[in-house]
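Everything below concerns the one structure shown next.
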Amino acid sequence: MAPVAVPTLEDLSISDKKEEKKPDVVDNEDEEGDEEDDVEGDDAPEAGDAKKKKKKKKSKKKKSATVTQSEPPRVGLSKIYKNGAYPIVEEVEYKNDTTSRITSAEMREKERLAQEDPSTRYSNIRKGGEVHRQVRSYVQKNIKPGMKMTEIAEMVENGTRALVEENGFESGIGFPTGLSVNEVAAHYTPNPGDNKILQKGDVLKVDFGVHVNGRIVDSAFTMNFGDPSWDKLLEAVRDATNTGISEAGIDVRLCDIGERIQEVMESYEVEVNGKTYPVKSISNLNGHSITPYSIHGARGDLPGKSVPIVKQHGSNIDTQRMEEGEYFAIETFGSTGNGRVEEQGACSHYALAQHAPERYTGHHQSAKTLLASIKRNFGSLPFCRRYLEHVGEKNYLLALNTLVKEGIVLDYPPLVDLKPGAMTAQFEHTILLRPTCKEVVSRGDDY
């Protein structure tokens, strides 16, 4: 998520109907037929003996059923990973590590202790990472030009809710699904009634998150539905994100990561219709730390850390360092335009202000009721208008605008590179700085 994605299906309100593929359940059962024991020697019955040796039945052995994912994805992951051990896809030794963290008994003990605390247990994060991989695998195969953005958002969100087994603040969606197109770099999600359609020729950023016990996995990718020349832009941004992941580590300065990201990003250029465009890092977007239930890493009154994607200068140089145990979204944005974004368009992302009051004390009863609902359903997690309707809110716009006007709720309009013809792309992964190594939680075969 920026600082502050098969055929369509009936249950997702998509017009192209196709039979849903049910989850495969394989009942592995070993059955042995009845067998008569061989009897020899003195124990053998004499000829004509009326007594017959009784048959012994061997016990049937049952193996547990194997459950695999359905299409569209609707099988909760606890039914697939019954032992609670979710995949570890990528572990990376820290660069220039002279302390042998990966083999250190002390560091391994730290990790063991982390597993005993439900709030820091790595399985929370890994489950979120696996939800993201399985949902996006389906989404990448099934997004097609001609679909409404609302249909795409519901494809992502219905899958996420099912796989993470949504349950209040224990598990659910991490933030509204971003579906920013072309010059819009971030913070667009369709509002109710939005009829915007994905067009052939669009470059689409799909940015979505999932949380388990407040541990948010935030990851994004870009899809090109038009001129393959734009693929070079996607390559530049993917390479820049991987550079940020490579550079990140314990005791690394945030400013140094930004400088390396920009070097890689801006080594690329894109040629479209005979014209060459340099790729620029979008200077006022960045990655960010993540803390429980806080997508941008706030810790009480302290703001989270930002991971720049450009070289910083003068008083803007952020010399803060990454620390052991921290959790970051490494995301980069590239543009063929100005390399800077501005707010433009109707707001669609919202979040409670950090110091929002416990209850509304103004004169608008509807605002009081809505604030209570926001706190009950979302807490500090971001939300959008569609999510308000998902939890049953109606006729809420006046109350929502009142809360925004009074600074109780913050609104986030889409972020746009305003240069005519600008094209933007985004890639993002979530990383965990474990005591022994760096784990890229959201890594998959796709990016």
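The values are calculated or read from the model by the stated rules, or taken from the named source; none is laboratory data. Bear in mind the structure is a predicted one, so any value in this text is a computation, not a measurement. With ideal geometry, Cβ positions are generated from the backbone for all residues, glycine too; neighbour counts draw on all protein chains shown. Remember, those area values only see protein heavy atoms, side chains included, never the ligands or the DNA or RNA. Shrake-Rupley method; radii C 1.70, N 1.55, O 1.52, S 1.80 Å.
Is at least one residue of region 396-413 of a type in the set (D, E, K, R) and closer than 25 Å to Gly193 by Cα?
As a first pass, look at region 396-413 and keep what is of a type in the set (D, E, K, R): 405-406, 411.
Okay, now just the ones that are also closer than 25 Å to Gly193 by Cα, so 405, 411.
Looking for residues that are of a type in the set (D, E, K, R) and closer than 25 Å to Gly193 by Cα, one finds at least one in region 396-413, hence yes.
Could you figure out which of (1) on the phi > 0 side of the Ramachandran plot; (2) more than 18 Å from the chain's Cα centre (by Cα); (3) modelled with pLDDT of 95 or more; (4) not hydroxyl-bearing (Ser, Thr, Tyr) isn't true of Gly214?
The single condition Gly214 does not satisfy is (2).
Take region 218-235 and flag every residue that is part of a helix (DSSP H, G or I) and open to solvent by 20 Å² or more (accessible area, probe 1.4 Å). If you could, list the steps in order and put the result at the bottom.
To start, the set of residues in region 218-235 that are part of a helix (DSSP H, G or I) comprises 228-235.
Within region 218-235, Pro228, Ser229, Trp230, Asp231, Lys232, Glu235 qualify.
How many residues are touching a Ser or Thr at 6+ places or on another chain (Cβ under 6 Å), under 18 Å from Phe383 (Cβ atoms) and buried (at least 19 other Cβ atoms within 10 Å of the Cβ) if we restrict to region 180-199?
4
Inside region 105-132, can you point out the residues that are among the hydroxyl-bearing types (Ser, Thr, Tyr) and surrounded by fewer than 15 Cβ atoms within 10 Å (Cβ to Cβ)? Talk me through it step by step, then tell me what you get.
Here is the first cut: in region 105-132, the ones among the hydroxyl-bearing types (Ser, Thr, Tyr) are 119-120, 122-123.
Selection gives Ser119 alone.
Would you please name the residue that is most open to solvent (accessible area, probe 1.4 Å), looking only at residues in region 264-284 that are touching a Ser or Thr at 6+ places or on another chain (Cβ under 8 Å) and outside any strand (DSSP E or B)? Break it down into steps so the answer makes sense when it comes.
Residues of region 264-284 touching a Ser or Thr at 6+ places or on another chain (Cβ under 8 Å): 264-266, 269-273, 277-282.
Filter once more, keeping what is outside any strand (DSSP E or B): 264-266, 273, 279, 282.
Details: Val264: 20, Met265: 0, Glu266: 81, Asn273: 143, Val279: 3, Ile282: 0 Å².
Filtering first and then ranking leaves Asn273.
Considering only region 414-425, I want to know if a residue exists there that is among the basic types (Lys, Arg), at pLDDT 95 or above, surrounded by fewer than 20 Cβ atoms within 10 Å (Cβ to Cβ) and over 26 Å from Ala236 (Cβ atoms). Spell out the reasoning first.
From region 414-425, those among the basic types (Lys, Arg) are 419; that's our starting set.
Add one more test, that the residue is at pLDDT 95 or above, and what stays is 419.
So of that shortlist, the ones also surrounded by fewer than 20 Cβ atoms within 10 Å (Cβ to Cβ) come out as 419.
After this cut, where a residue has to be over 26 Å from Ala236 (Cβ atoms) as well, the list is none.
No, the conditions are met nowhere in region 414-425.
Could you give me the residue pairs with C-beta distances under 6 Å whose first residue belongs to region 376-390 and is under 17 Å from Tyr188 (Cα atoms) and assigned to a helix (DSSP H, G or I), whose second residue is modelled with pLDDT of 95 or more and not basic (Lys, Arg) wherever it lies, and which are 6+ apart or on separate chains?
Close Cβ pairs (under 6 Å, with a partner that is modelled with pLDDT of 95 or more and not basic (Lys, Arg)) amount to Arg385/Asn191; Arg385/Pro192; Arg386/Pro192; Leu388/Tyr396.
Residues that are more than 25 Å from Ile374 (Cβ to Cβ) and of a type in the set (Ser, Thr, Tyr): find the helices (runs of 4 or more DSSP H) completely inside region 85-175 holding 3 or more of those. Steps first, please.
On the way: elements: 105-116, 122-142, 149-164.
Where helices (runs of 4 or more DSSP H) fall fully within region 85-175 and carry at least 3 residues being more than 25 Å from Ile374 (Cβ to Cβ) and of a type in the set (Ser, Thr, Tyr), they are 122-142.
Can you find a residue in region 349-367 that is more than 23 Å from the chain's Cα centre (by Cα), crowded, with 21+ Cβ neighbours inside 10 Å and assigned to a helix (DSSP H, G or I)?
Within region 349-367, one or more residues are more than 23 Å from the chain's Cα centre (by Cα), crowded, with 21+ Cβ neighbours inside 10 Å and assigned to a helix (DSSP H, G or I).
Select from region 304-318 the residues that are in a loop (DSSP other than H, G, I, E, B), under 17 Å from His288 (Cβ atoms) and either open to solvent by 60 Å² or more (accessible area, probe 1.4 Å) or not aliphatic (A, V, I, L, M) (or both) and list them in ascending order. Working first, answer last.
Within region 304-318, the subset in a loop (DSSP other than H, G, I, E, B) is 304-305, 309-313, 317-318.
After this cut, where a residue has to be under 17 Å from His288 (Cβ atoms) as well, the list is 304-305, 309-310, 312, 318.
Once the filter is applied, which keeps residues that are in a loop (DSSP other than H, G, I, E, B), under 17 Å from His288 (Cβ atoms) and either open to solvent by 60 Å² or more (accessible area, probe 1.4 Å) or not aliphatic (A, V, I, L, M) (or both), region 304-318 yields Gly304, Lys305, Gln312, Asp318.
Output the number of the condition that Val89 fails; it satisfies all remaining conditions of (1) closer than 29 Å to Arg253 by Cα; (2) open to solvent by 30 Å² or more (accessible area, probe 1.4 Å); (3) over 17 Å from the mean Cα position of the chain (by Cα).
So the condition that Val89 fails would be (3).
Can Ile330 be described as of a type outside the set (Asp, Glu) and in a strand (DSSP E or B)?
Numbers: of a type outside the set (Asp, Glu): yes; in a strand (DSSP E or B): yes.
In short, yes.
Which ones in region 398-423 are in contact with a helix residue (DSSP H, G or I) (Cβ under 8 Å, 6 or more places away or on another chain) and either part of a helix (DSSP H, G or I) or of a type in the set (Ser, Thr, Tyr) (or both)?
Listed by number, the residues that qualify are Leu398, Ala399, Leu400, Thr402, Leu403.
When you go through (1) open to solvent by less than 10 Å² (accessible area, probe 1.4 Å); (2) closer than 21 Å to Arg136 by Cα one by one for Arg238, which number turns out not to apply?
In the conditions (1) open to solvent by less than 10 Å² (accessible area, probe 1.4 Å); (2) closer than 21 Å to Arg136 by Cα, Arg238 misses (1) alone.
Residue check: is Tyr396 open to solvent by less than 60 Å² (accessible area, probe 1.4 Å), modelled with pLDDT of 95 or more, in contact with a Ser or Thr (Cβ under 8 Å, 6 or more places away or on another chain) and of a type in the set (Ser, Thr, Tyr)?
Working: open to solvent by less than 60 Å² (accessible area, probe 1.4 Å): yes; modelled with pLDDT of 95 or more: yes; in contact with a Ser or Thr (Cβ under 8 Å, 6 or more places away or on another chain): yes; of a type in the set (Ser, Thr, Tyr): yes.
Against the criterion (open to solvent by less than 60 Å² (accessible area, probe 1.4 Å), modelled with pLDDT of 95 or more, in contact with a Ser or Thr (Cβ under 8 Å, 6 or more places away or on another chain) and of a type in the set (Ser, Thr, Tyr)), Tyr396 qualifies.
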